[in-house]
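What follows draws every value from the coordinates through simple rules; no lab data is involved. Everything numeric in this text was worked out from a predicted model, so none of it was measured. Heads up, the Cβs are rebuilt from the backbone with ideal geometry, glycines too, and the neighbour counts pull from every protein chain shown.
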Amino acid sequence: MTNAPQTHSPQMPHESGTTRFLRLTEIDPRLLGMLGALLLIWVAFEAYAAFVLGRPSLLLGASQGEANGFLTPRNLWNLSVQTAYIGIMATGMVLVIITRNIDLSVGSIMGMVGMYMGLLQVEIMTPLVGLGHPSLWIVSVVFGIAMGTLIGAFQGVLIAFLNIPSFIVTLGGLLVWRGAAFLVAGGRTIAPMDETFSLLGGGSFGALGETGSWIFAVIACVFVVWAFINGRKSRQKHGFALRPVWAETFVIGLVCSVIIGATATVNSYIWPKGNIEKYYASIGQELPVCAQDNDTIYEGVCASFGHGFAYPVLIMIAVAIAMTILMTRTRFGRYVFAIGGNPEAAALSGINTRAMTVKIFALMGGLAGIAAVIGAARQNSATNAMGQLDELYVIAAAVVGGTSLAGGVGTIYGAIIGALILTSLQTGMVLIGFGDGSYQRIVIGMALVLAVWLDIVYRKRIK
Amino acid sequence: MVDRTGTPLVELRDISIAFGGIKAVDHVTIDLFPGEVVGLLGHNGAGKSTLIKCLSGAYQKDAGKILINGEEVEITDPRDARAQNIETIYQTLALADNLDAASNLFLGRELVGKMGFVDESAMEAETRKIMGRLNPNFRKFNVPVNMLSGGQRQSVAIARAVYFNAKILIMDEPTAALGPHETQMVSELIQELKAQGIGIFLIEHDIHNVMKLCDRASVMKNGQLVGTVNVDEVTDEDILGMIILGKKPALAA
């Protein structure tokens with residue numbers, strides 16, 4: 001190798017400390033902006049609850065039992081569960097929007113898949129195999145994902161091969177699938193779902209628990225360290241510029257702190273006493289004293305009944321990792337970006353852009369299928385209204401997360417943070433007493449427009 | 001002098017293509033030998049780009065035959081063309097503006113490591129090698145190509161065609177967006193590729209470049225071939241006459 005490994009030049013002329021820090025650590029300023037916005041929203045809701053509504057705040061020294069603001073383990077845990085299915089669909093919407101398309105039908109696909117899945121599970125399979133049979137949840141999940149994928153692929157074929165604009169195809173889908181969701185059971189609610197199946201929706205039993213969550217956190221941190229070392233080795237091998245060691249260490253430390261902090265938070269949300277009672281009843285032991293009152297569950301043996309990461313959140317994390325790998329490490333991901341940047345160039349490079357469109361919409365449909373599984377499991381029922389208006393939240397999450405409607409630009413982590421921001425606004429408004437929907441919509445609508453405007457301003461500045 | 005005794009590298013025989021009743025290319029036959037540069041000339045809309053896109057796989061011919069080394073081949077999309085070692089530098093450059101140089105260079109032909117994941121570092125290293133040869137001043141490897149100058153973008157597009165060992169190269173006005181220095185670099189590159197035995201179709205408007213770079217010139221007008229001449233045997237006036245009047249000079253080959 002002729003060229004020795006270079007390091008980043010220590011100081012560029014006319015560079016402020018912050019710019020230099022961001023350049024050396026290679027932290028995306030937009031990521032910082034999104035996280036800053038998220039923290040601002042959280043603190044604002046907490047402050048409103050504490051100072052305007054006079055609720056006890058954990059940050060001001062209230063005990064966990066009485067704290068009732070935004071920043072409590074209970075609220076943050078619920079927030080994580082509510083973010084999950086929007087986040088899962090938003091990762092797919094990123095691909096759709098990057099390739100200059102839109103999918104307005106995801107909420108309706110979710111509703112219809114949920115309905116058919118519920119019917120299959122409750123009214124067809126249960127009489128055949130009996131209550132609680134393990135095939136119930138497995139078949140339901142496979143069926144839900146497959147049905148979502150097929151519907152998505154069908155819409156993709158209409159878009160790619162009949163050249164109908166995706167806006168129209170999926171607007172039609174929005175109406176058709178919602179109508180079909182109603183017709184299939186005449187608007188009835190299908191309930192209850194299989195017990196194992198409902199664990200996929202979260203709840204005290206549908207979570208990893210304290211020990212499991214710590215194991216998860218350790219594995220995640222080890223993986224982060226491994227990924228950074230691996231990336232560094234690869235750069236070294238080809239003689240590219242390396243990040244300074246302190247910058248690498250800082251970023252690894254930051255990511256691991258977030259993982260550990262999140263784990264500590266979800267673990268300190270203790271099961272309500274009713275669920276602890278159920279647990280002791282199920283193992284046939286006597287209920288400990290601390291579980292006799294909701295005020296004492298933070299003491300003694302009860303304190304070990306932390307929720308940990310809910311299953312839907314784990315599913316979202318798995319989806320986000322898989323989608324990130326897909327987008328950054330595979331040819332498929334490259335082609336998605338290339339089609340978004342210049343569809344004609346992509347076609348001239350031998351990329352089968354039509355097949356790509358079908359695959360992208362199929363993937364989006366499959367993710368809506370996963371969201372339907374989580375949604376139906378969480379409600380413990382299938383209703384024809386499930387997922388209504390969610391298409392708008394999903395699109396908003398992707399866009400707030402930095403996906404450009406002009407195509408070619410977007411990230412998976414951005415979409416997840418976008419989903420977290422929107423869900424925070426939504427649940428925060430409920431928490432501070434503006435839960436009747438109107439204020440919620442006004443605030444989310446304004447946040448969407450504001451986020452896109454800020455993004456435009458930012459992009460102009462870096463040019 | 002180019003040896004034209006053997007089998008042509010490429011033969012486009014009696015090619016026709018129509019768009020909604022308009023004959024964009026009307027029974028045109030041209031050929032290309034190894035180590036030869038054939039200029040394609042004509043007014044805008046004469047059918048040059050359309051004809052050549054049948055060879056690069058962007059369009060499909062309605063009638064006629066494409067022969068590579070004397071054997072008939074079917075080229076129905078750009079992948080077929082690439083499989084025949086036909087590379088194209090499009091007038092629009094066909095770059096994905098949001099991707100960096102390496103991603104564009106390997107677009108559709110990414111290097112993958114074990115487990116089928118794209119090997120970004122290897123692609124960047126290869127890009128640095130080829131760019132070091134073609135445009136040694138090129139430094140912007142990690143920015144999207146829309147941040148590059150016209151000349152830099154052009155060199156990315158050229159690198160893409162050259163990197164994959166093309167045997168047949170199609171260049172659609174490669175110097176249109178370039179300054180004098182960069183134009184000179186492209187001319188030198190064409191000479192170098194020619195010496196390696198690569199056959200080049202050059203679509204070009206500048207008659208001086210044609211006289212300088214091409215061995216033969218095929219002129220088209222209104223979708224039809226006016227004629228093919230040896231550049232040595234005619235004057236630039238003759239060629240201009242073919243382009244403007246559609247008239248073949250008396251001593252044409």
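In chain A, the convex hull through the Cα atoms has an average projected area of 26.5 nm², a quarter of its surface area. Between A:Met125, A:Ile159, A:Gly144, the Cα set farthest toward the positive side of the dipole of the stretch A:102-243 (charges on each charged residue's Cβ, about the Cα centre) is that of A:Ile159. Across the stretch B:57-70, rounded Karplus estimates of 3J(HN,Hα) from the backbone phi angles (6.51 cos²θ - 1.76 cosθ + 1.60, θ = phi - 60°) give x, 6, 10, 10, 5, 7, 8, x, 10, 10, 10, 10, 6, x Hz, Gly and Pro being marked x. Amide hydrogen proximity for B:Gly39: with H placed 1.01 Å from N in the peptide plane, the residues at 5 or more positions away or on another chain lying under 5 Å are B:Leu202, B:Asp215, B:Arg216, B:Ala217, B:Ser218. Between the residues A:Ala241, A:Ser198, A:Leu183, the greatest Cα displacement towards the positive end of the dipole of the stretch A:138-254, with unit charges on the Cβ of Lys, Arg, Asp and Glu, is found for A:Ala241.
Can you tell me how the stretch A:126-264 classifies by the Cα gyration tensor, rounded, prolate or oblate, using a/c under 1.5 as the rounded cut?
Working: a/c = 3.15, a/b = 1.51, b/c = 2.09.
Oblate, because a/c is 1.5 or more while a/b does not exceed b/c.
Helices meeting the span-like rule in chain A (full DSSP H runs, Cα extent of at least 30 Å along the helix axis, mean Kyte-Doolittle score of 0.0 or higher): A:73-98, A:134-161, A:210-237, A:245-267, A:353-379, A:438-462. Comparing B:Asn142, B:Gln224, B:Gly113 along the charge dipole axis of the stretch B:101-253, the residue lying farthest to the positive side is B:Gly113, per the Cβ-charge model. Within the same chain, lysines fewer than 8 places from B:Lys53 are excluded, and of the rest, those with a Cα less than 26 Å from its Cα are B:Lys23, B:Lys61, B:Lys65, B:Lys167, B:Lys194, B:Lys212, B:Lys221, B:Lys247, B:Lys248.
Placing unit charges on the Cβ atoms only, positive for Lys and Arg and negative for Asp and Glu, gives the stretch A:229-288 a dipole magnitude near 540 debye about its Cα centre.
Once you charge only the Cβ atoms, +1 for Lys and Arg and -1 for Asp and Glu, what is the size of the charge dipole of chain A about its Cα centre, to the nearest 20 debye? Numbers along the way, then the final one.
Values: 26 positive and 21 negative charges, 384 e Å.
In total the dipole reaches around 1840 debye.
Students often check this: by mean Cβ neighbours within 10 Å, which of A:404-412, A:350-358 ranks highest, and how do the rest follow?
Values: A:404-412: 20.6, A:350-358: 18.6.
With the highest mean Cβ count within 10 Å placed first, the list reads A:404-412, A:350-358.
How big is the dipole moment of the stretch A:275-361 about its Cα centre under a simple scheme where the beta carbon of each Lys and Arg is +1, that of each Asp and Glu is -1, and everything else is neutral? Debye, nearest 20, please. Write down the numbers at each step before the final one.
Values: 6 positive and 6 negative charges, 215 e Å.
Computed about the Cα centre, the dipole is about 1040 debye.
Database remark: amide H of B:Ile89 closer than 5 angstrom to the amide H of B:Ile170, B:Met171, B:Asp172 (H placed geometrically; neighbours at sequence offset of 5 or more, or on other chains; Pro and chain starts carry no H). For the stretch A:299-383, a/c is not less than 1.5, where a ≥ b ≥ c are the root eigenvalues of the C-alpha gyration tensor, and a/b does not top b/c. That puts it in the oblate class.
Helices in the protein assembly as shown, meaning DSSP H runs of at least 4 residues, each add -39500 (n - 2.57). Divided by all residues, the mean residue ellipticity at 222 nm is -17500 deg cm²/dmol. Computed from backbone phi, the HN-Hα couplings of the stretch B:29-42 come to 10, 9, 9, 8, 9, x, x, 10, 10, 10, x, 10, 10, x Hz, rounded to whole numbers (Karplus: 6.51 cos²θ - 1.76 cosθ + 1.60, θ = phi - 60°; Gly and Pro given as x).
I'd like the mean, over residues of A:333-345, of how many other protein chain beta carbons sit within 10 Å of each residue's own Cβ.
Working: counts 1, 9, 4, 0, 6, 9, 1, 4, 11, 12, 1, 5, 12.
Mean shielding count: 6.
From the P(r) of the stretch B:102-253, could you give the percentage of C-alpha pairs in the tail past 23 Å?
Working: 5436 of 11476 pairs.
Value for the stretch B:102-253 (Cα pairs over 23 Å): 47 percent.
Whole Å is fine, so just give me how far the alpha carbon centre of the stretch B:111-157 lies from that of the stretch A:282-301. Spelled out, the Cα-based centre of one part sits 63 Å from the other. What trypsin sites (Lys or Arg not before Pro) in the stretch B:120-229 are in a loop by DSSP, with at most 12 other Cβ atoms within 10 Å of the Cβ? Within the stretch B:120-229, the qualifying trypsin sites (Lys or Arg not before Pro) (loop, at most 12 other Cβ atoms within 10 Å) are B:Arg139. Relative to one another, the C-alpha centroids of the stretch A:52-70 and the stretch A:27-48 are positioned 20 Å apart. Between the amide H of B:Val226 and those of B:Val219, B:Met220, B:Lys221, distances stay under 5 Å, these residues lying 5 or more places away or on another chain, with hydrogens modeled in the peptide plane. Residue-wise HN-Hα couplings along the stretch B:106-115, as the Karplus relation 6.51 cos²θ - 1.76 cosθ + 1.60 with θ = phi - 60° gives them from phi, are 9, 4, x, 9, 4, 7, 10, x, 5, 6 Hz; Gly and Pro carry x. Hey, how many Å between the Cα centroid of the stretch A:143-212 and the Cα centroid of the stretch A:397-463? When both Cα centres are located, 24 Å separates them.
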